[in-house]
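Quick note: the coordinates plus some simple rules give every number you see, no bench work behind them. All of these numbers come straight from a predicted model, not from anything done at the bench. Here the Cβ is made from the backbone with ideal geometry for all residues, glycine too, and neighbour counts use every protein chain on show.
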């Protein structure tokens, strides 16, 4: 079960996401559903368009299945998804 404490160790695909801050000012405010994830990027779909946002230097808000919103620093997510799920993270 995804909780605010363990979101960085879970699968992000399928979650609603919003970009709060980004090094690229044009990407701030993007909202939609996470459709893909790589080591360094998150792909967000809205209105049948996909925007790729770099994880490093960005801040995201994810909406969990139970409706809670969680703010996550993108640098915590920089890793291959399959490896990030296995690693232990410092408490944040």
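Worth pointing out:
- Cβ-Cβ FRET estimate between residue 3 and residue 86, R0 fixed at 25 Å, reported to 0.05: 0.90
- Computed over the chain, the per-residue total of -39500 (n - 2.57) for DSSP H runs of n ≥ 4 gives a 222 nm mean residue ellipticity of -500 deg cm²/dmol, rounded to 500.
- Once the Cα-Cα distance is subtracted from the 0.36 nm per residue extended length, the residue 59 to residue 39 segment shows a gain of 5.6 nm.
- The simple spin-label model puts a point 7 Å past each Cα toward its Cβ; for residue 13 and residue 31 those points are separated by 2.5 nm.
- Result for the chain in a Gaussian network model with C-alpha springs under 10 Å: among 73, 37, 11, the largest mean-square fluctuation is at 11.
- Inter-site label distance for residue 47 and residue 66 at 7 Å from Cα along Cβ, in nm: 3.4
- Length-normalised contact order for the range 1-90 - Cα pairs under 8 Å, 6+ apart - percent: 29
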